[in-house]
Amino acid sequence: MLLFLRFFIVLLLPFFSFTSAFAEDEVAFIRKAYQTLSGIEFVQPDTRAQAMAEIRGFFDFESFCHLAIQDIEPKMIPEEVKKFRDLFDRVFFKNIEKKGLKMADKRIQNIQYSVESRQNQVSVALIQGRVDQKNVTIKFHLKKNNSSWGIVDIYVNSAGASRNYRGQFNRIYRVEGFEGLMTRMEKKLTAFSK
């Protein structure tokens, strides 16, 4: 939960620019995410659905989900995998919406941005700054499909979103099985509606 709170700090970045054409492409991607999440369209209930559809487009959710369930997926039958992925998709993006609204007034100060690594169509963008007088380091693991970037994973101060989910899913699945995991996810989705 705290990881997603930290994640939205990243999406509320002030504008920044760089010289490399490759980096400008990544910066444009992050800038658009920032504009969408912090824009009036996201905050206003009547235009939030459209903004959330745009936010969905920033993610390579298929790759992210694969990282999150890679340990338990081989234990599931194909129908269970599909059912779980569909539910996880709804929970994940509902969580983003809720955390985004809570973080709407947070800003990263003293931003330093760099591309930590690049190989073919994969990039790791490193962002460092301060939020509420605390240092924060955020890594976007990005993957380029065709001509657009997608967020594959996010690390905030070395805590990875997919790794966090994977640990939770593994513990629940080991103790409660598939049905227990689905029940917990459904309860989480219901809690977002309250």
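A search for C-beta distances below 9 Å between a residue of region 46-59 that is under 8 Å from PHE93 (Cβ atoms) and any residue that is of a type in the set (Phe, Trp, Tyr), counting only pairs 6+ apart in sequence or on different chains, returns MET52/PHE42; MET52/PHE93; ILE55/PHE42; ILE55/PHE93; ARG56/PHE93. Going by the structure shown, is PHE93 surrounded by 16 or more Cβ atoms within 10 Å (Cβ to Cβ), assigned to a helix (DSSP H, G or I) and at pLDDT below 75? In short, no. Only a single criterion out of (1) of a type in the set (D, E, K, R); (2) surrounded by fewer than 17 Cβ atoms within 10 Å (Cβ to Cβ); (3) within 27 Å of VAL43 (Cβ to Cβ) is not satisfied by ASP153, namely (2). Screening the candidates LEU101, LEU126, LEU87, LEU181 for the property of being in contact with a Lys or Arg (Cβ under 7 Å, 6 or more places away or on another chain) and either surrounded by 15 or more Cβ atoms within 10 Å (Cβ to Cβ) or at pLDDT below 85 (or both) yields one hit, LEU126. Confirm whether VAL115 is at pLDDT below 85, surrounded by 15 or more Cβ atoms within 10 Å (Cβ to Cβ) and either assigned to a loop (DSSP other than H, G, I, E, B) or at negative phi (or both). Yes: the conditions hold for VAL115. GLN168 meets the conditions (1) touching a residue at least 40 places away in the same chain (Cβ under 8 Å); (2) closer than 19 Å to PHE93 by Cα; (3) assigned to a helix (DSSP H, G or I) in every case but one. The failed one is (1). Is it true that some residue in region 147-161 is within 15 Å of PHE84 (Cα to Cα), modelled with pLDDT of 85 or more and small (Gly, Ala, Ser)? No: region 147-161 contains no residue that is within 15 Å of PHE84 (Cα to Cα), modelled with pLDDT of 85 or more and small (Gly, Ala, Ser). Listed by first and then second residue, the pairs linking a residue in region 181-194 that is closer than 14 Å to PHE88 by Cβ to a residue that is surrounded by 15 or more Cβ atoms within 10 Å (Cβ to Cβ) and hydroxyl-bearing (Ser, Thr, Tyr), with Cβ atoms under 9 Å apart and 6 or more places separating them unless they lie on different chains, are LEU181/TYR173.
The values are calculated or read from the model by the stated rules, or taken from the named source; none is laboratory data. Just so you know, these numbers come straight off a predicted model, no measurement behind them. A quick note on method: Cβ atoms are made from the backbone with ideal geometry, for glycine too, and the neighbour counts reach across all protein chains shown.
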